[in-house]
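S.K.: There's a structure below that I have some questions on.
The values are calculated or read from the model by the stated rules, or taken from the named source; none is laboratory data. This is a predicted model, so every value here is computed, not measured. So basically every Cβ, Gly included, is an ideal-geometry build from the backbone, and we count neighbours across all protein chains shown. These accessible areas exclude ligands, DNA and RNA; they are computed on the full protein's heavy atoms, side chains included. Shrake-Rupley method; radii C 1.70, N 1.55, O 1.52, S 1.80 Å.
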Amino acid sequence: MTWDVRGKNILVTGATSGIGLEASVELARRGARLVLVGRDPRRTEAAVAEVKSRSGSAEVSHLLCDFSSQASIRRLAEAVLARHDRLDVLVNNAGGVNKTRRLTEDGIEMTFAVNHLGYFLLTNLLTDLLVRSAPARVVTVASIGHRQGTLDFADLGYERGYRIMRAYSRSKLANVLFAAELARRLAGTGVTSNSLHPGAVATHIWSGAPLWARPLIYLLLRPTMISPEKGGETIVQLAASPELEGVTGKYFEEGRIVDPAPLAQDEALAKRLWEVSAELVA
Ligand SMILES: NC(=O)c1ccc[n+]([C@@H]2O[C@H](COP(=O)([O-])OP(=O)(O)OC[C@H]3O[C@@H](n4cnc5c(N)ncnc54)[C@H](OP(=O)(O)O)[C@@H]3O)[C@@H](O)[C@H]2O)c1
């Protein structure tokens, strides 16, 4: 049967703002049943109300999770499993930047923990449900910034040389490697895994940048930035498009399949990252 997003259960992380919110509105409009995940109860309830009113759909619920806490991610997965007997699409989207190096309660550098390990742990905890629901899709929001990313397993959390964009690019490289490795591991199950760059989007993401840099970002980048609605389109495409049935292990930039950075195509690196990530969430 052709993939039809109507009636599908779709979970979107980072659904309280930016491209996650806009993609949720559009997917709800198309008839999917949305589970919005946010960390702040008030913002998350407001997002549910906004998605309902803009989409005209009543099929919108929410769950809470702070992706900087592995315990919180485990509680989220338990809640999903308790409430939903199927999950057709998982959209890994929550993320951001951190102007200074901070550690999570699990002792891991914040950017790597939220942007990469958050996706990694949640997806692994929900994989059995996704496989039972197959055909199903995992959509991972990475960034073109992965092209600047490097991986140093001896210092994943930048104890030396932390810079906001270095940490961000590393986490986004990890997203592309993770999505490709997941595709390989789930081959034959009917669950696909792809990653994407949504474009340069005018969202709240740069609120984590240092104060001095914000006017510069807005001055230099804002004129070329696309709207969150437009930015959400690649998520909608990967979640909803029937043409992408069976397409897996690919990286999309602004709606088209392109080659990611050479490092992001390194299968041995992806395997090692998977193993190291598994240890970090054990
Ligand atoms: N904007 C761009 O130009 C751009 C380009 C490439 C890739 N991306 C990617 O797009 C994704 C979404 O970003 P955006 O641009 O839409 O930014 P955004 O408007 O700041 O949205 C980020 C979302 O992630 C959530 N989030 C952040 N940290 C979290 C945590 N610890 N626990 C739970 N939720 C958390 C935020 O929740 P709160 O509302 O609670 O803060 C918000 O819902 C990110 O993965 C980003 O890397 C964005």
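S.K.: Residues in the range 24-37: is at least one within 8 Å of the ligand (Cβ to nearest atom), polar (S, T, N, Q), within 14 Å of the chain's Cα centre (by Cα) and under 13 Å from Ile235 (Cβ atoms)? Break it down stepwise before answering.
M.R.: Taking the range 24-37 first, the residues within 8 Å of the ligand (Cβ to nearest atom) are 37.
In the following step, the residues that additionally are polar (S, T, N, Q) were identified as none.
No, the conditions are met nowhere in the range 24-37.
S.K.: If you don't mind, there's one more thing I want to ask. Only one residue in Val141, Val114, Val176 is closer than 22 Å to Lys8 by Cβ and either within 11 Å of the ligand (Cβ to nearest atom) or crowded, with 24+ Cβ neighbours inside 10 Å (or both). Which one? Give the steps one after another, and end with the answer.
M.R.: Working: Val114 fails: closer than 22 Å to Lys8 by Cβ; Val176 fails: closer than 22 Å to Lys8 by Cβ.
On inspection, the qualifying residue turns out to be Val141.
S.K.: Tally time: how many residues in the range 251-276 are among the charged types (D, E, K, R) and free of Cβ contacts under 8 Å to residues at least 60 places away in the same chain? Steps first, please.
M.R.: In the first step, residues of the range 251-276 are kept if they are among the charged types (D, E, K, R); the result is 253-254, 256, 259, 266-267, 271-272, 275.
Still in the list and also free of Cβ contacts under 8 Å to residues at least 60 places away in the same chain: 254, 256, 259, 275.
Selection size over the range 251-276: 4.
S.K.: Tell me the residue from Gly161, Gly199 that is at pLDDT 95 or above, at positive phi and part of a loop (DSSP other than H, G, I, E, B), please. Don't jump to the end; show me each part of the working.
M.R.: Values: Gly199 fails: at pLDDT 95 or above.
None of the other options fit; the residue is Gly161.
S.K.: For the range 179-198: of the residues being among the small types (Gly, Ala, Ser) and within 14 Å of the chain's Cα centre (by Cα), which is most open to solvent (accessible area, probe 1.4 Å)? Working first, answer last.
M.R.: Of the range 179-198, the ones among the small types (Gly, Ala, Ser) are 179-180, 183, 187-188, 190, 193, 195.
Keeping just the survivors that are within 14 Å of the chain's Cα centre (by Cα) gives 179-180, 193, 195.
On the way: Ala179: 2, Ala180: 18, Ser193: 1, Ser195: 2 Å².
Once the filter is applied, the top-ranked residue is Ala180.
S.K.: Shifting gears a bit: Filter the range 58-102 down to the residues that are more than 9 Å from the ligand (Cβ to nearest atom), assigned to a loop (DSSP other than H, G, I, E, B) and under 16 Å from Leu122 (Cα atoms) and list them by number.
M.R.: Scanning the range 58-102 gives His84, Arg86, Leu87, Asp88.
S.K.: For the range 232-282, name all the residues that are of a type outside the set (Gly, Ala, Ser), part of a loop (DSSP other than H, G, I, E, B) and open to solvent by 30 Å² or more (accessible area, probe 1.4 Å). Spell out how you get there, then give the answer.
M.R.: Of the range 232-282, the ones of a type outside the set (Gly, Ala, Ser) are 233-238, 242-245, 247-248, 250-254, 256-260, 262-263, 265-267, 269, 271-276, 279-281.
Subset that is part of a loop (DSSP other than H, G, I, E, B): 245, 247-248, 250, 254, 259-260, 266, 281.
Selection gives Glu245, Val247, Thr248, Lys250, Glu254, Asp259, Asp266.
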